[in-house]
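Asks: Can you keep this structure in mind? I'll have questions shortly.
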Amino acid sequence: MVPFSIDPDKIILGIESSCDDTSAAVLRGQTLMSNVIASQKVHEQYGGVVPELASRAHLQNVVPVISEAIRQAGITREDIDVIAYTRGPGLLGSLLVGGTFAKGMSQALGIPMVDVNHLQGHVMAHFVQQPGEERPVPHFPFLCLLVSGGNSQIILVHSPLDMEIIGKTIDDAAGEAFDKCAKVMGLGYPGGPVVDRLAKEGDPRTFHFAKPRIEGYDYSFSGLKTSFLYTLRDNLEKDPLFIEKNKEDLCASLQETVIELLMEKLERAAEDLHIDQVGVAGGVSANSRLRQAFVDYGERSGKAVFIPPFSYTTDNAAMIAMAGACLYAAGRRSEMTDAPYSRITI
Ligand code: KG4
């Protein structure tokens, strides 16, 4: 349950366009009626998201994706009560497409809109329910490890409207570490899912990479990335086929190190702050080993752990609609003049 009441009959259309996924979702109360995501394949050949291409693809996708979300929900446009859209952080051009569409639709239908912080959306994914489902949800306050391509943060969630970042990466994000290490191994983009797949066939104890010593609950992944690069460079001098022969063990060792770093700080924060509810969110929470690490942690510590369904791990509009429902219930409304923001914290 969320701390203030969400009208179970309110229909919210969520729109997400912060990076390279165009998504629209319809939520009735907390229940998901549709969640449509169009991923952009165009970036694969460049090894990373190209902002200009992302905004163009959003322009092409936004109308069909929203129409499909409304169709799959079995409603008409006139049934929508509120529009929630991602205002930031993200790529400005991408955010402009979803935000401008939300504003136009809100004007045309004469309904209110609320702007959502993308990072808060990831955290609120824990509260989305499928029809007929009563998935356990975290109680407040809880800790949420938010790990994606752009963020690695430990968030103390006091309420849907009050979130405090108590630890964050001082350089690269965990997803970025996966993506960059995968790129130098020639595994394509995004590398995280490929590392996850290959790691299943490898031995995580084969290679040892540098682990940083950072104060408090902050993270650092750039040293690990450099250590990984040096391991490749030194071994490739001796054997040009080193990567090909060892890619499973390299992936397993890299993945294990990232997850050890993530869990170590999170567990320490939970102990220090006496928090017994711990969740994970963001694209990297799709990682099978990280999900298992959460299950193991719950069993070991007796804490309640919350792992979102796969469909809410990467960018999606269901989480934006969910956060929007809470904001709307709390009285938040946004204006036509609200501009997107590329960088903002929680
Ligand atoms: O939250 P997200 O969809 O969006 C951005 O941050 O933009 O996260 C994407 C990140 C990428 O770095 C991707 O490699 C990583 O999530 N990722 C994974 C897995 N699936 C996605 N990392 C590790 N294992 C996975 N299975």
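Asks: Pull up all non-local amide H partners of ALA84: gap of 5 or more, or a different chain, and H-to-H distance under 5 Å with H placed in the peptide plane.
Replies: Under 5 Å from the amide H of ALA84 lie the amide H atoms of LEU13, GLY14, ILE15, VAL114, each far enough along the sequence or on another chain.
Asks: Could the peptides 194-204, 89-99, 263-273 be put in order, highest first, of the mean number of other beta-carbon atoms found within 10 Å of their residues?
Replies: The densest-packed peptide leads the list: 89-99, 194-204, 263-273.
Asks: Any chance you could check the Cα centroid distance between region 206-246 and region 311-345 for me, in angstrom?
Replies: A separation of 37 Å, based on Cα centres.
Asks: Tally the DSSP beta bridges in region 142-308 and give the antiparallel ones as a percent, rounded to 5.
Replies: Percent antiparallel among DSSP bridges in region 142-308 is about 60.
Asks: In a Gaussian network model over the chain where Cα atoms closer than 10 Å are linked, find which of LYS103, LYS168, LYS303 has the largest mean-square fluctuation.
Replies: Looking only at LYS103, LYS168, LYS303, the biggest GNM fluctuation is shown by LYS303.
Asks: Mind checking which aspartates and glutamates have their Cα closer than 13 Å to the Cα of LYS183? Skip sequence neighbours fewer than 8 apart in that chain.
Replies: Correct list for LYS183: GLU44.
Asks: Whole-Hz ³J(HN,Hα) for each residue in region 189-202, computed from phi via Karplus 6.51 cos²θ - 1.76 cosθ + 1.60 with θ = phi - 60°, x for glycine and proline: what do you get?
Replies: Using θ = phi - 60°, the values come out as 10, x, x, x, x, 6, 4, 4, 5, 5, 4, 4, 9, x Hz.
Asks: In the chain, what percentage of the DSSP-assigned beta bridges are antiparallel, given to the nearest 5?
Replies: The answer is about 60 percent antiparallel.
Asks: State in Å² the accessible area per residue of region 63-151; use a 1.4 Å probe, count heavy atoms of protein chains only, and round to the nearest integer.
Replies: 37 Å²
Asks: For LYS200, go through the lysines and keep the ones whose alpha-carbon is under 16 Å away, minus same-chain ones fewer than eight residues off.
Replies: LYS245, LYS247
Asks: List, in order, the whole-Hz ³J(HN,Hα) value for each residue of region 259-274 obtained from phi through the Karplus relation with A = 6.51, B = -1.76, C = 1.60 and θ = phi - 60°; use x for Gly and Pro.
Replies: These are the phi-based 3J(HN,Hα) values: 5, 4, 4, 4, 6, 4, 5, 4, 5, 5, 4, 4, 5, 4, 8, 6 Hz.
Asks: Can I ask one more? Carbon and sulfur: what percent of the chain's accessible surface (1.4 Å probe)?
Replies: Solvent-exposed carbon and sulfur of the chain make up 52 percent of the total.
Asks: Related question: Roll a 1.4 Å probe over the protein chains and send me the accessible area per residue for region 213-346 in Å².
Replies: Each residue of region 213-346 exposes 45 Å² on average to a 1.4 Å probe.
Asks: Would you pull out the residues with amide H under 5 Å of PHE142's amide H, same chain only if 5 or more places away, H placed 1.01 Å from N?
Replies: Amide H neighbours of PHE142, under 5 Å, 5+ apart: VAL157.
Asks: Just to check I understand the Karplus step: with θ = phi - 60° and J = 6.51 cos²θ - 1.76 cosθ + 1.60, what whole-Hz values come out for region 208-217, glycine and proline as x?
Replies: Those phi angles translate into 10, 10, 4, 10, x, 10, 10, 4, x, 9 Hz.
Asks: Sticking with this structure for a sec: If you add up the charges near TYR85, with Lys and Arg at +1 and Asp and Glu at -1, over every other residue whose beta carbon is less than 10 angstrom from its beta carbon, what do you get?
Replies: Local net charge: -1.
Asks: Straight distance only, please: which aspartates and glutamates reach the Cα of LYS265 with their own Cα at less than 17 Å, same-chain residues fewer than 8 apart left out?
Replies: List returned: GLU164, ASP171, ASP172, GLU215, ASP218, GLU256, ASP276, ASP296.
The values are calculated or read from the model by the stated rules, or taken from the named source; none is laboratory data. Only a predicted model underlies this, so the values are computations on that prediction, with no experimental measurement involved. Positions of Cβ are generated from backbone atoms using ideal geometry, with glycine treated the same way; all protein chains shown enter the neighbour counts. The protein model used for the area step is the full one, side chains on, heavy atoms only, and it has no ligands, DNA or RNA in it. Shrake-Rupley method; radii C 1.70, N 1.55, O 1.52, S 1.80 Å.
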